[in-house]
Ligand SMILES: Nc1nc2c(ncn2[C@@H]2O[C@H](COP(=O)(O)OP(=O)(O)OP(=O)(O)O)[C@@H](O)[C@H]2O)c(=O)[nH]1
Ligand SMILES: [Mg+2]
C-alpha cells in the first residue's frame, strides 16, 4: 500500500468475522518523527490487526525508531503500546507473542459470547431537541433495552448522543461512529441497534463503516410481532408489515435476500424464515392485502351480530406490558397469555364478565401500544384496532410503577385520538400498585377521582372497587359523562 506524508489508505479487508486476529501486520514508515497516531491505533483495533508498527527516520533517512502496538483483547483502550525500539533491537519472540495474543483473543470471544448464541448489541440513541421534549433519552433507551430482551438480543452497552440535527447519510458524525465501532470490538459485539427508524441507505452506510450488523427499532418491533403472532389473522398482518418494510430495502442485487436471512430482522411469523425474492414481494403483498380484506369483512359481520346483542363492550387498552392481559384474566378467571415481554398479546381476546343480578358485559384485551409504532404495523393492525370503536367503555391500563408512566399515558391518549376513539368514556386503571413504595401508594389511593382506580391485577388488590365502577359505568345508571376530562 502506498500513502502520502500524512496517511495511507487501507483497502477493505472483508467483512467476515473471524474469531481471532486478522493475521495481518501493518508496518509503515512515518516521514515525520511521530509515533503511532490515533488513526493507526484505531485501525489496529477496528481491523483486528496483529500489530501496527511505525518506523521513523533520522535526518539521513535511516531507520531511527520502531513504534509497536498490538491489540489487547477485552481491555481498554484495546491495545498495548510498547516503548519504541531501536533498529536491531526488536524482540525476537514477537512471533510467539502474536500466537499467545491469538489464543487470548479466542478465549475472550468465548467468555463474552452471549447465552444461546444471542446477538450482542450496542445500543445507539441519537436524539434531537425535538425528540427529547417528548421523552428523555434515558427512558427511550430503557425501552429499547426491553425491546432487545424481548427480541432475543443481548444489549451490552449503550451510547446516547444529543445532536441539533441528524446527519442525513449516517445519523452520527464520523468520530462518534468510530468510537462506537471500537467499543464494538472491545465488547465483542456483532450488532448495532439504533433507537429510531433508519433509511435503507443509512443502514447500508453504517454497516459498511462499522462492519457490524445494523438493526433499527422498527426491525426489533417487527421481529417481536413475528415471534408472538399466533392466530392466522395475526400472522397475515405481521407478514404484511414485514414485507412492506423490506420492500424498500431490497436492492436489485439482493434478489434472494441473502444478506437478510438468519437472525433478527429476518424472522417471519411463526418461526418461518422470510425468504422471498424482491420480485415476488409485490405479489405476496397484494395477496396478503386481499386476504386481510376478507378477514375484515368477516369481522364486520361479527361486529354487527354483537351490536344486536346489546351487551355492553368494554375494551382494555394501554401501553405494552402494563398488565392488560393479567387484568382480563383476573376479572374473568381466564388464562390468556400474560408475560413480562413486550407485545405478548397480539390477537384480541374476548371474555364475558358476569355481574351479580344476571347482568353481563363483554371484556376484550388487545394488542398493546407503543410510541412511534412503525407505520407498517400501524397499517397492518388497523383492522384489529378499529374494533375498539365498538366499545362502550375503555379501560386504560397503566403501569403505575413505571417511571415513564405519564409519558406513556400521553402516548396512549395520542394513539386513541388518532384512531378516533377519544370520545369513548375511559376509566384509567393504575395497575401494579403492589410495586409502589407504601407512601406513594397511599398518596395515589387518596387521590380519588371518578376517572381512575388503583389496583394490582396480579395480587388482586382493589378489584372489587374496580368491578363496582365497571358495573356502574356500563349499567346506563350513571351517565359516562361523569368521567372527568383527562388531567
Ligand atoms: N407486580 C405486578 N406485576 C404485574 C401486575 N399486573 C401484571 N403484572 C406483570 O406485568 C407483566 C405484563 O403483564 P401482561 O398482562 O402480559 O401485560 P399486557 O399489558 O397484556 O402486555 P402486552 O400484551 O405484552 O402488551 C407480567 O409479567 C405480569 O405478571 C401487578 O399488578 N403487579
Ligand atoms: Mg397482553
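The values are calculated or read from the model by the stated rules, or taken from the named source; none is laboratory data. Please read these numbers as outputs of a predicted model, since none were measured by experiment. In this analysis, Cβ positions are derived from the backbone assuming ideal geometry, glycine residues included, and neighbour counts consider all displayed protein chains.
Here are a few things to note about the model shown:
- Here is the figure for region 187-204: residues that are in contact with a strand residue (DSSP E or B) (Cβ under 9 Å, 6 or more places away or on another chain) and more than 22 Å from residue 134 (Cα to Cα) total 9.
- Residue within region 396-417 that is within 28 Å of residue 298 (Cα to Cα), within 16 Å of ligand 2 (Cβ to nearest atom) and touching a helix residue (DSSP H, G or I) at 6+ places or on another chain (Cβ under 7 Å) present: yes
- Unmet requirement for residue 275, which otherwise passes all of (1) on the phi < 0 side of the Ramachandran plot; (2) in a loop (DSSP other than H, G, I, E, B); (3) at pLDDT 90 or above: (3)
- Some residue of region 32-44 being modelled with pLDDT of 90 or more and either outside the structural domain of residue 91 (by TED's automatic domain parsing) or within 22 Å of residue 107 (Cβ to Cβ) (or both): no
- Residues of region 348-367 that turn out to be within 25 Å of residue 382 (Cα to Cα), part of a loop (DSSP other than H, G, I, E, B) and either touching a strand residue (DSSP E or B) at 6+ places or on another chain (Cβ under 9 Å) or more than 13 Å from ligand 2 (Cβ to nearest atom) (or both), as a count: 2
- Some residue of region 348-362 being surrounded by 21 or more Cβ atoms within 10 Å (Cβ to Cβ) and under 25 Å from the mean Cα position of the chain (by Cα): no
- Pairing each residue of region 330-351 that is closer than 17 Å to residue 299 by Cβ and in the same structural domain as residue 295 (by TED's automatic domain parsing) with any residue that is outside any helix (DSSP H, G or I) and within 6 Å of ligand 1 (Cβ to nearest atom), provided the two are 6+ apart or on different chains, yields no C-beta distance under 7 Å.
- Qualifying residue in region 314-329 (condition: modelled with pLDDT under 90, more than 30 Å from residue 199 (Cβ to Cβ) and either in a loop (DSSP other than H, G, I, E, B) or more than 16 Å from ligand 2 (Cβ to nearest atom) (or both)): no
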